[in-house]
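A short worksheet on the structure shown next.
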Amino acid sequence: RPLVILISGTGSNMQAIVRAAARGRWRERYGAAVAAVISNRPDAKGLAWAAQEGIATAVVDHTAYPSREAFDAALAAAIDQHDPQGRGLVVLAGFMRILTAGFVQRYEGRILNIHPSLLPAFPGLHTHRRAIEAGCRFAGATVHRVTAELDHGEYLEQAVVPILPGDTPETLAARVLTQEHLIYPRAIERLLAAACAAEG
Ligand code: GRF
């Protein structure tokens, strides 16, 4: 069961998942492994890290495509190269592209995302600044299945952190990111275990 992880930048969530897969022996226990890391940005730092780990990497540069549909088709082709049977998970980890409904439908049910807020609060961008400006006492992150509607879909895991006096979007982001690195691997492992149990 291949995991294909999509990133756009540092890929710290991707790194946490790669480490959890090794530490949790996902290959032996669930027949699952990170098959590829794909980025829409050629300069994404996570690509070099993944390559160092011996993981296949690919770039599908969104600026090289005339339309969202053309980009999504190229991205799907890259994903399917690493999961030809279409039985794996597509894991969006700091992936900063909005995917077309057609793309999401193609992977429906096996595409996940992590969003840096306690959904349904603060869908979209700049979540930490918005939470601070709203006077919230807490913030957090949500792992959810991806559906055609942005930042919706069944919630699989959430984590909450306090917003402290003097917090900036950066200090809050760092506190939330630490929790993201815990809940994303946990959510994936729970799905893999459930899939194995279902298959017997
Ligand atoms: C972070 O803001 C994280 O909350 C969100 O994407 C951004 C980068 O994550 N999921 P990563 O370090 O590239 O995984």
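The values are calculated or read from the model by the stated rules, or taken from the named source; none is laboratory data. These figures come from a predicted structure and were not determined experimentally. Neighbour counts are summed over all protein chains in view; Cβ atoms, including those assigned to glycine, are modelled from backbone coordinates with ideal geometry. The area values use the complete protein model at the heavy-atom level, side chains included, leaving out ligands, DNA and RNA. Shrake-Rupley method; radii C 1.70, N 1.55, O 1.52, S 1.80 Å.
Values for this structure:
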| read-out | value |
| --- | --- |
| Accessible carbon and sulfur surface of the stretch 1-72 relative to its total accessible area, %, 1.4 Å | 47 |
| Angle between the chain longest axis and helix 12-23 axis [Cα atoms, degrees, rounded to 10] | 60 |
| Spin-label proximity, A78 to the stretch 108-149 - amide N less than 20 Å from point 7 Å beyond Cα toward beta carbon | 108, 110-114, 146 |
| Calculated diffusion of the chain, Stokes-Einstein form, Kirkwood radius summed over Cα pairs, 4 °C and 1.567 mPa s, µm²/s | 75 |
| Per residue accessible area in Å² of the stretch 16-69, where ligands, DNA and RNA are left out and the probe is 1.4 Å | 57 |
| Spin-label model distance (nm) - K45 vs L164, 7 Å beyond Cα toward Cβ | 2.2 |
| Packing-based ranking, highest mean first, of 100-109, 137-146, 158-167, 114-123 given that Cβ atoms within 10 Å are counted | 137-146, 114-123, 100-109, 158-167 |
| Computed FRET value (nearest 0.05) for Q85 with T178, which takes r as the C-beta separation and R₀ as 30 Å | 0.30 |
| Computed over the chain: relative contact order in percent, which uses C-alpha pairs under 8 Å that are six or more apart | 20 |
| Calculated FRET value between E199 and A70, using beta carbons and R₀ = 30 Å, to 0.05 | 0.25 |
| Angle in degrees between helix 68-82 and the longest Cα principal axis of the chain, rounded to the nearest 10 | 60 |
| For the chain, share of DSSP beta bridges that run antiparallel, in % to the nearest 5 | 40 |
